[in-house]
């Protein structure tokens with residue numbers, strides 16, 4: 001299931017796009033500002049980015065440039081009401097792969113998405129993350145333990161991906177809640193404990209220490 005990041009500060013439009021994309025069987029995450037988008041792109045991998053030009057600073061052009069400058073290769077579809085040739089050239093020159101003016105029809109959006117997702121996936125090289133007998137494939141969104149595919153809830157998968165991308169790093173509970181659930185979530189430390197408990201049951205092996213190590217009074221660390 002392709003995973004798409006929507007970067008859009010118009011709450012209603014972002015929600016409409018999210019609902020439509022989910023109905024088309026895409027996994028979706030959202031960011032409302034350039035800063036939030038760059039933070040997500042620093043830690044998580046996506047198959048495609050829907051990037052609005054006019055988002056709170058840094059704007060879409062700067063997000064695109066910074067992401068490309070640090071080696072990001074995920075396809076970017078720029079969305080904007082600035083639909084003149086000069087603006088289109090600016091968007092493409094900043095590193096966007098395609099450009100779609102607002103308002104847009106979902107039929108055209110669907111066609112643009114399919115075209116971008118068909119491109120050679122250079123950015124997915126090395127998308128498998130391994131720890132002991134656990135393999136997380138960031139492209140397909142599948143997690144396996146040995147020869148068995150694990151059935152993970154969406155937030156269990158996101159939590160595991162976060163840990164596996166930061167082996168050995170120590171995070172407080174608040175850090176994890178902000179990065180995995182988001183700063184606006186109502187999730188609590190008890191919520192995190194519950195998810196870690198159920199995740200351990202799925203990924204740990206008898207006779208071996210847990211992959212998710214509790215550092216009492218401080219937080220958690222992923223140790224392979």
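Mind checking which residues of the range 180-204 are within 22 Å of residue 11 (Cβ to Cβ) and touching a helix residue (DSSP H, G or I) at 6+ places or on another chain (Cβ under 6 Å)? Spell out how you get there, then give the answer.
Of all residues in the range 180-204, those within 22 Å of residue 11 (Cβ to Cβ) come to 180-187.
180, 187 - these are the residues of the range 180-204 that are within 22 Å of residue 11 (Cβ to Cβ) and touching a helix residue (DSSP H, G or I) at 6+ places or on another chain (Cβ under 6 Å).
Would you mind telling me which numbered condition in (1) modelled with pLDDT of 80 or more; (2) in contact with a helix residue (DSSP H, G or I) (Cβ under 8 Å, 6 or more places away or on another chain); (3) more than 19 Å from residue 30 (Cα to Cα) residue 159 fails?
Going through (1) modelled with pLDDT of 80 or more; (2) in contact with a helix residue (DSSP H, G or I) (Cβ under 8 Å, 6 or more places away or on another chain); (3) more than 19 Å from residue 30 (Cα to Cα) one by one, residue 159 breaks only (3).
Yes/no matrix, rows are residues, columns are (1) at pLDDT 90 or above; (2) closer than 18 Å to residue 181 by Cα; (3) more than 15 Å from the chain's Cα centre (by Cα); (4) in the same structural domain as residue 113 (by TED's automatic domain parsing):
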{"position": "9", "(1), (2), (3), (4)": "yes, no, yes, yes"}
{"position": "13", "(1), (2), (3), (4)": "yes, no, yes, yes"}
{"position": "16", "(1), (2), (3), (4)": "yes, no, yes, yes"}
{"position": "19", "(1), (2), (3), (4)": "yes, no, yes, yes"}
{"position": "36", "(1), (2), (3), (4)": "yes, yes, no, yes"}
{"position": "45", "(1), (2), (3), (4)": "no, yes, no, yes"}
{"position": "55", "(1), (2), (3), (4)": "yes, no, yes, yes"}
{"position": "59", "(1), (2), (3), (4)": "yes, no, yes, yes"}
{"position": "69", "(1), (2), (3), (4)": "no, no, yes, yes"}
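Please work out if residue 48 is under 22 Å from residue 115 (Cβ atoms) and surrounded by fewer than 21 Cβ atoms within 10 Å (Cβ to Cβ). Reasoning before the result, please.
Values: under 22 Å from residue 115 (Cβ atoms): yes; surrounded by fewer than 21 Cβ atoms within 10 Å (Cβ to Cβ): no.
In short, no.
Please work out which one of (1) surrounded by fewer than 19 Cβ atoms within 10 Å (Cβ to Cβ); (2) on the phi < 0 side of the Ramachandran plot is the condition residue 31 fails and give its number.
(1)
Starting from the range 1-12, keep only residues that are without any contact (Cβ under 8 Å) to a residue 12 or more places away in the chain, then list their pairs with residues that are in a loop (DSSP other than H, G, I, E, B) whose Cβ atoms are within a distance under 8 Å, requiring at least 6 positions of separation or different chains.
none
I'd like the residue in the range 187-207 that is more than 21 Å from the chain's Cα centre (by Cα) and in contact (Cβ under 8 Å) with a residue 40 or more places away in the chain and, out of all such residues, is farthest from residue 152 (Cα to Cα).
Filtering the range 187-207 for residues that are more than 21 Å from the chain's Cα centre (by Cα) and in contact (Cβ under 8 Å) with a residue 40 or more places away in the chain, the one farthest from residue 152 (Cα to Cα) comes out as 205.
For residue 61, indicate whether it is touching a residue at least 12 places away in the same chain (Cβ under 8 Å) and in a strand (DSSP E or B).
On the way: touching a residue at least 12 places away in the same chain (Cβ under 8 Å): yes; in a strand (DSSP E or B): no.
Taking the combined requirement at face value, the residue does not satisfy it.
From the list 209, 168, 126, exactly one residue is at pLDDT 90 or above and over 24 Å from residue 32 (Cα atoms). Which is it?
Working: 168 fails: at pLDDT 90 or above; 126 fails: at pLDDT 90 or above.
From the options 209, 168, 126, the qualifying one is 209.
Identify, please: which residue in the range 192-224 is in contact with a strand residue (DSSP E or B) (Cβ under 7 Å, 6 or more places away or on another chain) and assigned to a loop (DSSP other than H, G, I, E, B) and is, among those, farthest from residue 144 (Cα to Cα)?
For the range 192-224, the residue satisfying everything is 218.
Among the numbered conditions (1) within 15 Å of residue 46 (Cβ to Cβ); (2) at pLDDT below 85; (3) in a helix (DSSP H, G or I), tell me where residue 113 comes up short.
Failed condition: (2).
The values are calculated or read from the model by the stated rules, or taken from the named source; none is laboratory data. These numbers were taken from a predicted model, which means no experiment stands behind them. No Cβ is skipped: glycine too gets one built from the backbone with ideal geometry, and neighbour counts run over all protein chains shown.
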